[in-house]
Structures are given as C-alpha cells and as structure tokens.
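Structure, as structure tokens:
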Amino acid sequence: MVQIGPELRALIDAFDEPTLLVEGRYVRLANEPARVLLGRGIEGRDVRLAIRHPQALEHILSGRSGDVDAAGIGEIGRSWKLILRRIGGDAVLVRMIDRSAAVSAEKMRVDFVANASHELRTPLSTILGYAETLSEEGDLPSELRAKFGKTIGEEARRMLRIIEDLMSLSRIEADRFVAPGERVELGDVIDTAVANVRGASANSPCEFAVNVEPGLPAVRGDRAQLVQLVDNLLSNAVRYGCDKPGACIDLSASSDGRWVALAVTDHGPGIPREHLPRVTERFYRVDAARSRESGGTGLGLAIVKHIVERHRGALDINSTVGVGTSVTVRLPMAP
C-alpha cells in the first residue's frame with residue numbers, strides 16, 4: 001500500500017488539472033480540481049462511484065499505464081483525456097486533461113469545411129449544368145441561351161462573393177490577437193458605409209435615417225474593417241427590412257464616456273428568439289432561401305462578430321418577430 005505523506009499530497013495538489021491517486025478500487029488522494037469536479041467526499045470512496053465511464057474504469061482498475069479518451073465525466077458532453085501512470089503495486093496516478101475546447105474547435109472546423117463545400121457546390125452545380133446544356137444543344141432559342149448565360153453569371157458572382165467573404169474572415173481571424181492601432185472617426189466610417197450600401201441598393205425602396213452624436217469620440221481601430229462591419233450590418237438590414245415602400249433603416253452612434261455605440265435597426269420581419277444565439281455562426285441562416293435569393297453568403301454576421309472581437313468590443317443583437325431587429329456594436333474609445 002502506498003504511504004500517504006505530506007510530500008505525496010503536496011505533489012498531487014501541485015497539478016492544475018483534476019488528479020487522483022487510485023489504489024485498487026479506492027481513491028486515496030484527490031487534488032482540489034478533482035474534488036470540485038467529482039465531489040468533496042471522493043477520497044476514500046470507490047472510484048466507480050466517481051468515474052462512471054466503462055472504458056476509463058477498465059484501464060484504471062487494471063492498474064496499467066496508458067491514455068484514455070472519455071466523455072461525460074463530471075458534466076454531460078465534457079471531453080477528457082485521462083493519462084494513467086502506474087506508480088507501484090496497484091496504485092495508479094490519474095490525470096484528467098480537459099479537451100472540451102479542442103473537441104469543440106475540431107467540430108467547428110469540420111462543420112465549417114462541410115458548410116463551405118455545400119455553399120460552393122450548389123452554384124457550381126448550376127453553372128456546370130447550364131454550361132453543358134449550352135455546349136451540347138446548338139439549336140437553343142436565343143432567349144433561353146441568354147437566360148442560361150445570365151444564370152451562369154449570377155451563380156459565378158455568388159461563388160466569388162462567398163470566396164471573398166471566406167478570405168476576409170480568414171484575414172480577420174489571423175489578426176485577432178493583434179489589437180488595431182489606428183485612430184478612427186466612426187462618423188466618417190458611417191458616411192462611407194452608407195454611401196456604399198446606397199450605391200449597391202439603388203433600386204431598393206429603403207431610406208436611411210442616420211443620427212450621429214455631434215463630436216463623437218474617435219475609436220481605436222482598423223478603418224477598413226470597421227467600414228466592412230457597418231457595410232455588413234446595413235446590407236443585412238436592407239436585405240431583410242426593406243421589402244416594402246417607405247421602409248427605413250435607422251443608424252445611430254453615440255458615446256457614454258467610455259464606449260462608442262453603433263446601432264443599426266430595421267423594421268422587418270424580425271428573428272425568432274431560438275435563432276438569435278446562432279445568427280453569428282458561419283453559414284447559419286434563419287431563412288436560407290430568402291438569403292440566397294437576395295445575394296447573402298451566410299457569413300456577414302460572422303465577419304461582424306470577429307471584427308468586434310478583434311477591436312475588443314461587444315456585440316448585442318435584439319429582435320422581435322413582426323417588429324424588427326437591432327444590432328448594437330460597442331467599441332472602446334481611443335485614449
């Protein structure tokens with residue numbers, strides 16, 4: 001039997017991750033993270049009452065060294081890597097490495113690749129189908145030929161927008177740990193973005209009501225990214241909130257002495273509450289058909305979220321079905 005002394009307890013307590021000393025079937029020692037995870041009274045108890053994972057228990061009770069991946073210990077869905085090291089007799093040192101963040105990141109990567117492939121494959125399939133028809137059918141009526149050519153052009157431009165947004169998102173993520181250093185006048189950014197969106201939606205019935213606080217303080221930021229942020233917010237508002245004559249998009253900017261707040265509000269159909277937590281995910285769409293028909297890539301709010309995070313700001317989205325949606329971005333003032 002392993003002799004439990006102050007030195008051994010100090011060694012177990014020195015680990016940052018949950019760590020157990022198991023001898024036979026019983027937990028002889030547990031550090032503070034392990035007691036928080038598995039229960040304060042874990043020491044002296046049967047390990048099977050603390051770790052209810054068959055594969056992990058099999059390895060622990062066998063007394064052999066090895067690594068085991070396990071999920072659901074302590075919390076449902078939480079992923080662990082158990083590092084088991086035999087230290088004499090039938091005593092095993094069990095270290096529990098939390099892999100939840102890594103597993104979640106890997107899932108996001110896999111989902112992102114799958115979604116990006118799907119989004120690009122859809123217009124590409126249309127382009128290939130129409131191109132094959134044009135090349136094989138020599139006697140197509142000119143009207144139909146022109147329609148096919150127009151569709152090919154539209155779908156190719158859609159693919160280009162998706163690729164441009166993916167590249168933009170990649171650049172923003174690459175710089176996420178580098179705080180932007182320019183001193184940017186947000187009023188000028190708003191003027192540029194409004195002009196851009198007005199030019200791109202010249203046939204829209206939308207009006208823009210802009211209210212910028214006089215003497216608005218500058219923010220520390222990347223001007224090009226902030227223009228892109230406001231562009232995306234306004235484009236989304238136009239896409240979903242300008243479907244009838246007289247529609248108006250409200251844009252305001254003000255300061256509270258510490259933050260500069262930018263708010264874009266539309267009066268469209270709104271977003272059901274259950275969708276709000278996911279609208280900043282890549283390629284997530286509340287109404288996929290409408291988004292694609294209006295030229296959306298499904299990346300606009302994901303880009304907004306990453307720009308806000310790089311600027312050490314905050315993003316808040318509020319929406320009421322039948323009333324509209326308001327997106328507020330708070331950015332720290334420049335010192």
Q.
I'd like to check something: does the stretch 123-130 contain any residue that is surrounded by 12 or more Cβ atoms within 10 Å (Cβ to Cβ) and more than 18 Å from residue 162 (Cβ to Cβ)?
A. yes
Q) Could you count how many residues in the stretch 1-45 are open to solvent by 70 Å² or more (accessible area, probe 1.4 Å), within 18 Å of residue 60 (Cα to Cα) and outside any loop (DSSP other than H, G, I, E, B)? A) 1
Q. Do any strands (runs of 3 or more DSSP E) entirely within the stretch 229-335 hold 2 or more residues that are open to solvent by less than 20 Å² (accessible area, probe 1.4 Å), and if so, which?
A. 248-255, 259-266, 324-332
Q: Using the structure shown, decide if residue 162 is closer than 28 Å to residue 306 by Cα, crowded, with 17+ Cβ neighbours inside 10 Å and within 31 Å of the chain's Cα centre (by Cα).
A: yes
Q | Matching entry among 95, 64, 48, 52 (being more than 26 Å from residue 14 (Cβ to Cβ) and either open to solvent by less than 30 Å² (accessible area, probe 1.4 Å) or in contact with a Leu (Cβ under 8 Å, 6 or more places away or on another chain) (or both)) | A | 48
Q | Subset of the stretch 260-281 (residues that are within 16 Å of the chain's Cα centre (by Cα), among the aliphatic types (A, V, I, L, M) and within 30 Å of residue 185 (Cβ to Cβ)) | A | 279
Q. Any idea which of 213, 207, 293 is modelled with pLDDT under 90 and under 17 Å from residue 191 (Cβ atoms)?
A. 207
Q.
List the strands (runs of 3 or more DSSP E) inside the stretch 147-224, counting only whole elements, that have at least 3 residues being more than 23 Å from residue 303 (Cα to Cα).
A. 207-212
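The values are calculated or read from the model by the stated rules, or taken from the named source; none is laboratory data. Since this is a predicted model, take the numbers as computed values, not measurements. Glycine also receives a Cβ, built like all others from the backbone with ideal geometry; neighbour counts cover every protein chain displayed. Remember, those area values only see protein heavy atoms, side chains included, never the ligands or the DNA or RNA. Shrake-Rupley method; radii C 1.70, N 1.55, O 1.52, S 1.80 Å.
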